[in-house]
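**Student:** I have a structure here, written as structure tokens, and I will follow up with some questions on it.
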Amino acid sequence: MLGAVLNKVGPTALNGGTFNIVKITFDPAKRVRKRPIKSNLAKVDAHRITKAEYDEAPELTKEMLDRAEIRHGNKIIKRGRPPLEHPKEAVKLRLDHDILAAYRKIGSGWQTRINADLRKAAKKLAKA
């Protein structure tokens, strides 16, 4: 791992706010050294688990497996929310400028508001 050197460059104004700019450089001379591993990894790799060691291990329960992270190498496979039965779809929709401006004027969540209004309209169409 390389050592990082932080140099404070100075304040700057951006969009009415004041921010401090920090310059980060990596200095190979300040390399951070990892602690050496004191285990004999060859011995650990060569070890075979005996039946007695299996008997000492706790039995895996459904609760343990539900909390587990499923990995393929270093990549987590199962993470976040469970998949939805009917996920939202990304579509390209062309709207009139004034309609889009009115929704954007609402502020954050304008896309959700469009979705809610379209849902109401779809229910009315279904009743007709």
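We did not get these values from a lab; they are worked out from the coordinates using the rules stated. Source: prediction; values computed, not measured. All Cβ positions, glycine included, derive from the backbone under ideal geometry; neighbour counts span all protein chains shown.
**Student:** Restricting attention to region 113-128, which residues are over 17 Å from residue 88 (Cα atoms), of a type in the set (A, V, I, L, M) and in a helix (DSSP H, G or I)?
**Tutor:** Passing the criteria: 121, 125, 126.
**Student:** Continuing with this model, one more query. Name the residues in region 69-111 that are aliphatic (A, V, I, L, M) and in a loop (DSSP other than H, G, I, E, B), would you?
**Tutor:** Within region 69-111, 70, 77, 84, 90, 91, 93, 95 qualify.
**Student:** If you check 99, 76, which single one turns out to be without any contact (Cβ under 8 Å) to a residue 60 or more places away in the chain, out of contact with any Lys or Arg (no Cβ under 6 Å at 6 or more places or on another chain), within 30 Å of residue 65 (Cα to Cα) and surrounded by 10 or more Cβ atoms within 10 Å (Cβ to Cβ)? Break it down into steps so the answer makes sense when it comes.
**Tutor:** Values: 99 fails: within 30 Å of residue 65 (Cα to Cα).
Answer to the check: 76.
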